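Here the structure is laid out as structure tokens; the discussion comes afterwards.
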Amino acid sequence: MADFVQVWGEVQRALESEATDDDKLQLVTEILYREVSHYDWVGYYLASPAEGRLYLGPYTGEPTEHTDIEYGEGVCGQAAEIEDTFLVGDVTSEPNYLSCSPDVESEIVVPIFSEGELVGELDIDSYQVDPFTYKDKDFLERVADLTAELI
Ligand code: SME
């Protein structure tokens with residue numbers, strides 16, 4: 001079980017560093033990927049509300065072909081439309097899903113807001129079925145809030 005208090009501390013320290021905003025986002029993805037065993041892909045998507053599209057930002061994990069996603073498309077695009085956290089415990093039960101890897105079994109996408117506007121998303125894939133609990137959701141929503149100013 002991940003120690004979210006300890007991981008939160010690491011994330012906060014990364015944000016206090018002298019790194020650029022982009023490098024800080026990259027560092028956050030690396031920390032989450034390294035410290036939480038059921039996080040097998042961690043990345044940011046950056047929102048373009050004018051275009052209704054999400055563009056891949058800093059991430060850690062296998063490269064993905066999904067670098068540009070329309071609102072409404074896949075789990076990421078649905079989260080952008082509903083403007084709420086979208087948790088899929090078993091991706092085989094989600095018809096509107098964009099597969100990045102056959103190893104992925106579940107996904108959680110947390111929208112990120114700045115002054116009420118969607119600016120991006122924090123996206124986590126897991127190779128386990130149903131690994132995400134309310135603790136992941138709470139933790140990731142706090143990380144999303146904390147990193148909103150970097151987007
Ligand atoms: N599975 C996502 C696409 C992005 S990858 O997980 C990195 C989706 O259905 O939107």
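None of the figures in this text is laboratory data; all of them are computed from the coordinates on show. These numbers were taken from a predicted model, which means no experiment stands behind them. Methodologically, a virtual Cβ is constructed for each residue, glycine included, from the backbone with ideal geometry; neighbour enumeration extends over all protein chains shown.
Got a sec? Charge dipole of the chain, +1 on Cβ for Lys and Arg, -1 for Asp and Glu; which of VAL7, ILE31, ILE151 is way out at the positive end?
The residue sitting most towards the positive pole is VAL7.
Which GluC sites (Glu not before Pro) does the range 100-151 hold that lie in a coil by DSSP with at most 10 other beta carbons within 10 Å?
Hits after loop and neighbour filter: GLU115.
Which net charge results when you count Lys and Arg as +1 and Asp and Glu as -1 among the other residues whose beta-carbon is under 13 Å from that of GLY57?
-4
Output needed: percent of Cα pairs per 5 Å distance bin for the chain, bins running from 0 to the one holding the longest distance.
Taking every Cα pair in the chain, the percentages come to 2, 10, 21, 25, 22, 14, 6, 1, 0.
When the Cα centres of the range 5-59 and the range 84-151 are compared, how far apart do they sit, in Å?
12
Rank-order 124-133, 39-48, 95-104 by packing density, defined as the average count of other C-beta atoms within 10 Å over each peptide's residues, highest first.
Highest to lowest by the protection proxy: 39-48, 124-133, 95-104.
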